[in-house]
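This report refers to the structure that appears directly beneath it.
Read the figures in this text as sums done on the coordinates, not as results from a lab. Bear in mind that the values here come from a model prediction, so they are computed numbers and not experimental data. Backbone-built Cβ (ideal geometry, glycine too); neighbour counts: all protein chains shown.
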Number of protein chains: 2
Amino acid sequence: MSERFFLAAPPHDGRAVLTGDEARHLVRVLRARVGDEVCVFAGTGVEWPARIVQIGRDEVELDVGAARPDAVEGPPLVLAVALPKGERQKWLVEKLTELGVARLVPLVTARGVAEATPAALARLRRTVIEASKQCGRNTLLEVAAPATPAELFARLDPGTWAFVADPAGPPLVTIPRPVAVGGMLALVGPEGGFTSEEVAAAVAAGSTRASLGPHVLRIETAAIAAAAALSCLARTHDA
Amino acid sequence: MSERFFLAAPPHDGRAVLTGDEARHLVRVLRARVGDEVCVFAGTGVEWPARIVQIGRDEVELDVGAARPDAVEGPPLVLAVALPKGERQKWLVEKLTELGVARLVPLVTARGVAEATPAALARLRRTVIEASKQCGRNTLLEVAAPATPAELFARLDPGTWAFVADPAGPPLVTIPRPVAVGGMLALVGPEGGFTSEEVAAAVAAGSTRASLGPHVLRIETAAIAAAAALSCLARTHDA
């Protein structure tokens with residue numbers, strides 16, 4: 001069975017239990033039986049082959065094999081984004097998960113429109129799990145608590161190289177980057193853009209202004225292009 | 001009025017006419033009046049400021065000012081993609097338009113699922129116009145006729161540097177690129193991947209195999225990441 005299933009808790013002593021929708025999907029939709037083999041992960045950077053040993057009413061008990069770790073990736077990418085609305089928000093999270101972004105920080109800005117309510121964040125975390133199942137990623141993208149740019153910079157890991165997407169800035173790829181970076185952060189503003197005060201505050205905190213191209217990008221396009229470009233630049237740099 | 005309107009035909013002798021949905025939207029939804037100023041483009045690489053001189057039943061006559069050309073961009077990017085289905089197809093075209101891709105070639109592959117019918121291509125061309133209005137792009141992304149990889153390579157402009165997205169290939173960013181390129185092409189296969197014969201044929205035609213990262217990317221994610229990375233690599237190279 002090529003589908004992957006998400007464990008609410010990592011295996012213990014070679015045993016694990018699938019619960020809730022994951023268990024119901026496996027048993028009722030895929031009609032799995034005792035002895036079938038599946039692949040499971042718990043968002044901890046590894047996946048396990050597993051064999052079904054018992055099927056209960058709403059849970060499936062598994063015998064778990066040796067952990068298979070993910071390949072090591074480049075420096076962690078953090079995207080701080082003034083979330084778009086509705087389907088575009090879900091789409092954004094799906095794509096950032098596929099592209100290997102480590103953390104998404106919903107950015108609280110003067111012109112932002114979508115409020116990152118606890119219910120909205122819970123929905124996004126479910127999207128992360130669904131996308132991780134599909135794309136084979138075993139470390140969950142972290143959907144962090146909403147933050148203003150000031151809060152974001154106060155919490156930043158030392159050695160992080162940051163840029164703020166600004167249509168008036170020079171193209172991202174022409175920017176000199178530090179020789180060694182502990183991580184990379186991109187700030188993407190709302191449809192109306194960051195205010196000049198927000199850009200100035202990010203620059204004062206050490207960020208570089210950079211443009212993602214000549215056209216007006218939607219929020220989710222800018223965030224995805226930033227993730228792809230940063231991933232590319234980070235690895236070019238390492239090579 | 002900050003909205004942009006698409007002209008079915010470029011201006012002639014300083015006059016232009018908006019027709020169909022564009023005219024109806026301007027008059028019935030936005031309630032424009034004679035004397036109002038708008039911005040128009042015809043997909044020809046320029047936009048024009050314009051003033052409404054007459055409002056007819058289903059058309060709006062405009063007095064057109066001096067053309068404002070687009071900024072010159074890097075080498076043209078061509079994406080050849082085994083189209084995904086439904087909303088993902090539309091989303092792909094919107095994003096490639098925003099990111100400045102010059103041409104999208106629907107790729108006919110052994111494992112492809114979405115047929116690029118004339119009706120589907122017409123829908124995608126309407127999406128290109130809608131996205132161009134929104135993102136400020138004045139040269140339309142060309143939605144080309146569907147082609148097999150062999151047909152694509154037979155028609156390719158000389159000097160084009162091509163890569164085929166292949167999870168088994170080395171990372172895109174570690175690939176050496178030619179010093180001068182006339183354009184850049186990325187081939188993105190269907191959910192099931194290219195067949196080994198399709199990859200071999202692309203390589204025989206001069207393409208480089210390259211991976212877009214460690215995770216399984218959906219078609220539209222791979223295409224958008226390829227566009228962002230190529231754009232980034234092309235410009236890094238020029239710099």
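Using a 7 Å projection from Cα along Cα-to-Cβ, the label point at B:I55 is separated from the same position in the remaining copies by 6.6 nm, smallest value first.
Across segment B:4-48, the mean sequence separation of Cα contacts (distance under 8 Å, 6 or more residues apart), normalised by length, yields a relative contact order of 47 percent.
On the rotation that sends chain B to chain A, the chain B Cβ lying closest to the axis gives residue and distance in whole Å as B:A228, 2. The distance between label points at B:D13 and B:R111 comes to 5.9 nm (points 7 Å beyond Cα on the Cα→Cβ vector).
Can you give the helix-only mean residue ellipticity at 222 nm for the protein assembly as shown, where every DSSP H stretch with n ≥ 4 adds -39500 (n - 2.57) and the sum goes over all residues, rounded to the nearest 500 deg cm²/dmol? Display every interim value, and only then the final one.
Working: 12 runs with 142 residues, N = 478.
The per-residue figure over the protein assembly as shown is -9000 deg cm²/dmol.
Only Lys, Arg, Asp and Glu carry charge here, each on its Cβ (+1 for the first two, -1 for the last two); on that basis the protein assembly as shown has a dipole of about 400 debye about its Cα centre. Would you mind checking A:K133/B:K85; A:K90/B:K90; A:K90/B:K133; A:K85/B:K85 for any pair whose Cα atoms are more than 18 angstrom apart? Beyond 18 Å between Cα atoms: A:K133/B:K85; A:K90/B:K133; A:K85/B:K85. Magnitude of the charge dipole for chain B, about its Cα centre and with charges confined to Cβ atoms of Lys, Arg (+1) and Asp, Glu (-1), is about 320 debye. Highest average first, the peptides B:183-192, A:7-16 ordered by how many other beta carbon atoms sit within 10 Å of their residues are B:183-192, A:7-16.
Around the amide H of A:A162, modelled in the peptide plane, lie the amide H atoms of A:L185, A:T208, all under 5 Å away and 5 or more residues distant in sequence or on another chain.
The same position B:T19 in the other copies lies at 6.4 nm from this copy, comparing label points 7 Å beyond Cα toward the beta-carbon, shortest first.
Using a cutoff of 8 angstrom between alpha carbon atoms and counting only pairs six or more residues apart, the relative contact order for chain B works out to 20 percent.
Across peptide A:223-231, the average count of Cβ atoms from other chains found within 10 Å of a residue's Cβ is 6. The mean count of C-beta atoms from other chains within 10 Å of the C-beta of residues in B:87-100, rounded to a whole number, is 3. Length available on full extension from A:E151 to A:R31: 0.36 nm per residue minus the Cα-Cα distance, which gives 38.4 nm. Treating each Cα of segment B:31-107 as an identical point scatterer and ignoring solvent, apply the Debye formula and state log10 I(q)/I(0) at q = 0.14, 0.16, 0.23 Å⁻¹. Debye curve over Cα of segment B:31-107, log10 I(q)/I(0) at q = 0.14, 0.16, 0.23 Å⁻¹: -0.69, -0.79, -0.99. For segment B:82-239, the mean projected area of the C-alpha convex hull, equal to one quarter of the hull surface, is 9.0 nm².
Cα centroid separation, segment A:43-97 to segment B:159-178: 28 Å.
I'd like the mean, over residues of A:209-219, of how many other protein chain beta carbons sit within 10 Å of each residue's own Cβ.
5
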